[in-house]
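Colleague: Got a structure for you, questions after.
The values are calculated or read from the model by the stated rules, or taken from the named source; none is laboratory data. Everything quoted here is computed from the prediction, not taken from an experiment. Heads up, the Cβs are rebuilt from the backbone with ideal geometry, glycines too, and the neighbour counts pull from every protein chain shown.
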Amino acid sequence: MTDSNVNYRGELAALLAALCWAIASAIYERLGQRLPPLQLNFLKGVIAIGFLAATLPIAGAEFPDIDRQPVGLLLVSGAVGIGIGDTAFFNSIDALGARRALLFETLAPPLTALLALTCLGEVLSPGAWFGIALTAIGVAWTIGERRVESSRVRRQTARGIAWGLLAAGSQAGGASLSRAALVDTEISPLWSALLRLIAGTVCLVPLMSFRSGTPRTSAVLIDKDPQERTAKHPSLVRSPRLLATVTLAAFLGTYLGIWLQQTALKHAPAGIAQTLSATSPLFVLPIAFALGDKLSLRAVLGAGVALAGIFCLFRS
């Protein structure tokens, strides 16, 4: 019984991370109507850093004596996966909604496999390539669902797809770097999560400064409608309910989500951890339905095809 628990610790953590991200994404979709993605990413990072810093002494997790290289890999992983990846993901949610944006998460495991092939020389089996193709088809089928849309909405959808692809690529790169840092070191998932979050949050500061200095130029990077967004910019100090909502989303999606993800990458191979972490679309479908989102048969089947591709990659 003990060996079984140890063997599946990473897999269970990955599934729990997917559930946390699904719930948090539904909250972020509502928050995106009031806060721009860059600011939202920075706020959730600061809040989650506070949670992690408070947890470390309680958990008794001391920083291990490790080389600079793993620490550097974790910092770069955070800048890529959290700083770039999460900002792109929030932009994708803003344009597409949580359900469609999360479908791009299913591309992270295949992209991780492609990175391993090109950078590490890992040869994939035919079954793995079949899983990659099936995942891409499932995502394309769902995103390509025809709707009666204005030209402005079509441009917004195209922008959301581009952000989703950037998010998936950034998260795949960040996960690969994180796995490389964790596999042969004694650093705990708590410390790795904190290092990644610090790097991802700090790298947002220059972008936020650039935005405040040149709002028209930088607004293109983070905002589909700058004037409308500015009008909706409430002060968090004056809106305790908004601050509480951001805190809840940061607790679920960032504090718990990244801690669980790092646990998965510590105790399971990167491909398996990424595969199971990418099951968020499966969890978000009933959440989206409960929140009033109309689910077409094509959307459900497309998500199923994408997830089937992921599990084919996992089995291979």
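Colleague: Across segment 95-119, which residue is surrounded by the fewest Cβ atoms within 10 Å (Cβ to Cβ) among those that are among the hydroxyl-bearing types (Ser, Thr, Tyr) and touching a residue at least 40 places away in the same chain (Cβ under 8 Å)?
Modeller: Looking at residues that are among the hydroxyl-bearing types (Ser, Thr, Tyr) and touching a residue at least 40 places away in the same chain (Cβ under 8 Å), I get Thr112.
Colleague: Moving to a separate point now. Would you confirm whether or not segment 220-232 contains a residue that is within 22 Å of the chain's Cα centre (by Cα), at pLDDT 75 or above and of a type in the set (A, V, I, L, M, F, W, C)?
Modeller: Looking through segment 220-232, none of the residues is within 22 Å of the chain's Cα centre (by Cα), at pLDDT 75 or above and of a type in the set (A, V, I, L, M, F, W, C).
Colleague: Then there is this: Quick check on segment 1-56: of everything there that is farther than 19 Å from Thr87 by Cα, of a type in the set (A, V, I, L, M, F, W, C) and more than 17 Å from the chain's Cα centre (by Cα), which residue is modelled with the lowest pLDDT?
Modeller: It comes out as Met1.
Colleague: Oh, and also: For Gly292, indicate whether it is out of contact with any strand residue (DSSP E or B) (no Cβ under 9 Å at 6 or more places or on another chain) and without any contact (Cβ under 8 Å) to a residue 40 or more places away in the chain.
Modeller: Taking the combined requirement at face value, the residue satisfies it.
Colleague: Which pairs turn up if I take residues in segment 68-87 that are over 18 Å from Ala249 (Cβ atoms) and look for partners that are among the charged types (D, E, K, R) with beta carbon separation below 6 Å, at least 6 apart in sequence or on another chain?
Modeller: These pairs meet every condition: Leu74/Arg196; Ser77/Arg196; Gly78/Arg196.
Colleague: Name the residue that is modelled with the lowest pLDDT, counting only residues in segment 129-161 that are surrounded by 14 or more Cβ atoms within 10 Å (Cβ to Cβ) and more than 19 Å from Gly302 (Cα to Cα).
Modeller: This residue is Gln156.
Colleague: Something else: Let me confirm something: among Ile82, Ile47, which residue is more than 19 Å from Ala181 (Cβ to Cβ) and among the hydrophobic types (A, V, I, L, M, F, W, C)? First the steps, then the outcome.
Modeller: Values: Ile82 fails: more than 19 Å from Ala181 (Cβ to Cβ).
Ile47 is the lone residue from the list that is more than 19 Å from Ala181 (Cβ to Cβ) and among the hydrophobic types (A, V, I, L, M, F, W, C).
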